[in-house]
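Visitor: I'd like to ask you about the structure that follows.
The values are calculated or read from the model by the stated rules, or taken from the named source; none is laboratory data. It should be emphasised that the depicted structure is a prediction, and the values quoted were computed from it without experimental measurement. Note that each Cβ is placed from the backbone with ideal geometry, even for glycine, and that neighbours are counted across all protein chains shown.
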Amino acid sequence: MRRPITLYGLTFSLPLLVWQILFFVFPLLFLVALSFWTVKNFAMRPDFDTVNWTTMYGRAVFWQAYGTTFVLATAASFLTSVLAFPAAYAIAFKLSDTARRWAVFLMVIPFFTSYLVRVYSWQIFLSDSGIINVTLGWVGLGPLPLLNTVGATMIGYLTLSFPLVVLLQLFSLVFIDRTLIEAAHNMRCGRLRTVFAVIIPSARTGLVIAALFCFILSFGDFVSPIYLGGGEPTTLSILITDTTKSGQQWPRAAVIALTMIATLLAVAFVAVKFAYKGKSK
């Protein structure tokens, strides 16, 4: 049965509701309204015109940037999830409680440092005269073009989301019923088969949510594509910046931003529905 809405509950939920209205609903509504404004002589006018939508959706560069952003974010989600799972599995099933707490602490430490600072650190490693290329030069393999590449952008995405994905996967794995794993072993299932037949299905919700967070962070990231990828290929976040610099076209940038928000909401809806598919109501 659904619990009745009471004044007591509304009172304690009011701060969260006010926060959401002030810092999410109002800015979103303003962004929608801004997308219909026009720019003339570098000045925005509060008109109601669909020219910004037709202009942006009619440009090939927009759809190229959209496809690039979607593909890169999807690839980052898949790669990060695959690389994070062994780490989360080892922490959940191979470490003692004390060692697990230390591992969680180590996963949290990267968030104490600015993401921009970590990206700048990767420039030192990936540049032509950086640490990696100097090391490769000692064995006659360098220098290799590492910076300003798609691979460098993916490294930035991993830097941004890998610790978070490990933590989210870990929180899902530690709550798996261990008797299911023991039952699988009693039925002579090997470790690899147990992982795919028992552990991953049991932790599906956490694994999907972790991949979703990685997709959201990568889809809207600006730092890695510009500072590690060199701005090529163009992503939607870079396109927003270029659009605002071109004649102060903030309304057209709002169109791009709203498209990104709509895409993330659609992906989140599909991912959450899949994550909780078959769960009891």
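Visitor: For the range 182-206, what are the residues that are touching a helix residue (DSSP H, G or I) at 6+ places or on another chain (Cβ under 6 Å) and either part of a helix (DSSP H, G or I) or over 18 Å from residue 80 (Cα atoms) (or both)?
Guide: 184, 194, 198, 205, 206
Visitor: Next question. Mind checking whether some residue in the range 81-94 is buried (at least 17 other Cβ atoms within 10 Å of the Cβ), under 21 Å from residue 227 (Cβ atoms) and touching a residue at least 60 places away in the same chain (Cβ under 8 Å)?
Guide: Checked the range 81-94: no residue is buried (at least 17 other Cβ atoms within 10 Å of the Cβ), under 21 Å from residue 227 (Cβ atoms) and touching a residue at least 60 places away in the same chain (Cβ under 8 Å).
Visitor: If I filter the range 24-38 for residues that are modelled with pLDDT under 85 and surrounded by fewer than 11 Cβ atoms within 10 Å (Cβ to Cβ), do I get at least one hit?
Guide: no
Visitor: Every residue in the range 141-167 that is among the hydroxyl-bearing types (Ser, Thr, Tyr) and buried (at least 21 other Cβ atoms within 10 Å of the Cβ), please.
Guide: If the condition is that a residue be among the hydroxyl-bearing types (Ser, Thr, Tyr) and buried (at least 21 other Cβ atoms within 10 Å of the Cβ), then 153, 157, 161 are the ones that fit.
Visitor: Starting from the range 96-116, keep only residues that are at positive phi and at pLDDT 90 or above, then list their pairs with residues that are surrounded by 11 or more Cβ atoms within 10 Å (Cβ to Cβ) and not β-branched (Val, Ile, Thr) whose Cβ atoms are within a distance under 8 Å, requiring at least 6 positions of separation or different chains.
Guide: Cβ pairs passing all conditions: none.
Visitor: A further question follows. Quickly run through the range 181-196 and pick out the residues that are more than 26 Å from residue 75 (Cβ to Cβ) and surrounded by 15 or more Cβ atoms within 10 Å (Cβ to Cβ).
Guide: Matches in the range 181-196: 181, 184, 189, 194.
Visitor: Would you tally the residues in the range 232-262 being touching a residue at least 60 places away in the same chain (Cβ under 8 Å), surrounded by fewer than 17 Cβ atoms within 10 Å (Cβ to Cβ) and of a type outside the set (A, V, I, L, M, F, W, C)?
Guide: Within the range 232-262, residues that are touching a residue at least 60 places away in the same chain (Cβ under 8 Å), surrounded by fewer than 17 Cβ atoms within 10 Å (Cβ to Cβ) and of a type outside the set (A, V, I, L, M, F, W, C) number 3.
Visitor: Further question on the same structure: Within the range 100-122, does at least one residue satisfy the condition of being of a type in the set (Lys, Arg) and either buried (at least 19 other Cβ atoms within 10 Å of the Cβ) or more than 20 Å from residue 235 (Cβ to Cβ) (or both)?
Guide: Yes - at least one qualifying residue is present in the range 100-122.
Visitor: Considering (1) part of a helix (DSSP H, G or I); (2) farther than 30 Å from residue 251 by Cβ; (3) of a type in the set (A, V, I, L, M, F, W, C), say which one residue 141 fails and leave the rest.
Guide: Against the list (1) part of a helix (DSSP H, G or I); (2) farther than 30 Å from residue 251 by Cβ; (3) of a type in the set (A, V, I, L, M, F, W, C), residue 141 comes up short only on (1).
Visitor: Then there's this: Taking the range 207-255, which residues are more than 17 Å from residue 115 (Cβ to Cβ), outside any helix (DSSP H, G or I), under 21 Å from the mean Cα position of the chain (by Cα) and not charged (D, E, K, R)?
Guide: Passing the criteria: 230, 231, 233, 234.
Visitor: Select from the range 91-136 the residues that are polar (S, T, N, Q), over 20 Å from the mean Cα position of the chain (by Cα) and not in a helix (DSSP H, G or I) and list them in ascending order.
Guide: Within the range 91-136, 96, 127, 129 qualify.
Visitor: Which count do you get for residues in the range 144-157 that are under 23 Å from the mean Cα position of the chain (by Cα) and assigned to a loop (DSSP other than H, G, I, E, B)?
Guide: 4
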